[in-house]
Amino acid sequence: MDLKLEAWLVELPLVEPFRISTGVADKSRTLVIRLSTQDGLVGWGEACPSKNVLGETLDDVVEAVKRIKSLYVDYRSLEQIHEYTWTLDTPASLRAALNMALVDLYGKYQSRPIWRLLGGYREFIETDISIGLLEPEEQAKRALRYVEKGFRIIKLKLGLDPVKDVERVRMVRDAVGEGVKIRVDANQGWSVEDAIWVIDRISSYDVELVEQPTRWDDFEGLRKIRRESSIPIALDESVKTPGDVLKAVEFEAADIINIKLMKTRGLTGALRVAYISESAGIKNMIGCYGETRLGITAHVHLAQALRNIFYYDLDCDLLTSQQAFYGGASIENGTRKAGEAAGLGEFSPDWGKFARVI
């Protein structure tokens, strides 16, 4: 089926610079695509590349989308959508965007929301809210501010200084008290020895999970950390594809695997990561990079669809000072809901924030 492809660049400033152990960002930059059918259906997708994780830049994605001369895909079949996007010779995040848009068309063709078509397990999810690397006192103030806004799950970025990292967790727990969940993410920032040292000291502060404590490719080190840890270990950068799940299982390196649609090349690849994880007795988390409300909504659909996704880190659109889309997944007191509209839902673009590519 012939499909019309359009693409735009979207750049949104963050409310404030967001620092993790590998760098700092002050804006969100993505590529948004729209596929249109001859029958008038429209599917939306978004690419948010990561140089550190995927080895690709937004310039790579722009050049790749310009080379796509035509799309002839049967969007009525999830298997054909997966076959097309998984084998396409383009950056992973562009494949994710195309997969997202095709799955959106699939849902609209079926006149049902994607989360119901893919599993329909839950009607809403509760996301955490992330706090970038700051001084311990400032992280504690931000955490309390978010709790006062209704968030009940805080995710702390750590990974630059083990001693300060312990102090960050202690001060945040003191500030928010009991009843608020705390997750931590080192983004590969610790050595194996430092990770074990930090985890031992923060375990008394009721930390729900520790994400990516050390290098993405050090599976031996990750196995050692997991064996020593009293807190569940989640892998993010280490696991991108279904094959990576098998490696994590082989090394017994993970209790939790973080799914991100840019890593899995879209929704159909994410399904396979989740199914393998579940078969191996590993729970899933779902996270994001710097997507707009559009990309976040696709993640929310998957989170509502599958039983094995227990943890939700879908807050990127809440960290920008502007929005490129209105509509999509709602947010209230940390609760997100994709709703009952067909496909990924209804979106109203703010066209003043879009720069046409093709």
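The numbers here are math on the coordinates, done by the rules we state, and not lab data. All values reported here derive from a predicted model rather than from experimental measurement. Glycine also receives a Cβ, built like all others from the backbone with ideal geometry; neighbour counts cover every protein chain displayed.
Numbers below:
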| item | result |
| --- | --- |
| Lysines whose Cα lies under 30 Å from that of Lys4, excluding same-chain neighbours fewer than 8 positions away | Lys27, Lys51, Lys66, Lys69, Lys108, Lys240, Lys260, Lys263, Lys337, Lys353 |
| Dipole moment magnitude, nearest 20 debye, the range 264-355 about Cα centre, only Lys, Arg, Asp, Glu C-beta charged | 280 debye |
| Correct option for mean projected area of the Cα convex hull in nm² [calculated from the coordinates] among (i) 20.9; (ii) 15.8; (iii) 19.3 | (ii) |
| Cα convex hull volume per residue for the range 56-111 (Å³) | 70 Å³ |
| Fraction of the pair-distance distribution of the range 261-336 above 21 Å, Cα-Cα pairs, percent | 25 percent |
| Centroid-to-centroid separation of the range 12-45 and the range 54-80 [C-alpha atoms, Å] | 15 Å |
| In the range 124-189, trypsin sites (Lys or Arg not before Pro) in a DSSP loop with at most 12 other beta-carbon atoms within 10 Å | Lys149 |
| For the chain, calculated [θ]222 nm from helices alone, where every DSSP H run of n ≥ 4 adds -39500 (n - 2.57) | -11000 deg cm²/dmol |
| Two-decimal Rg to Rh for the range 186-290 - Kirkwood Rh, Cα set | 0.96 |
| Rounded to 5, the percent of DSSP beta bridges in the chain classed as antiparallel | 60 percent |
| Quotient of Cα Rg and 2.2 N^0.38 Å for the range 1-106, N being how many residues it contains | 1.15 |
| Candidates per chymotrypsin sites (Phe, Trp or Tyr not before Pro) in the range 1-60, loop by DSSP, up to 13 other Cβ within 10 Å | none |
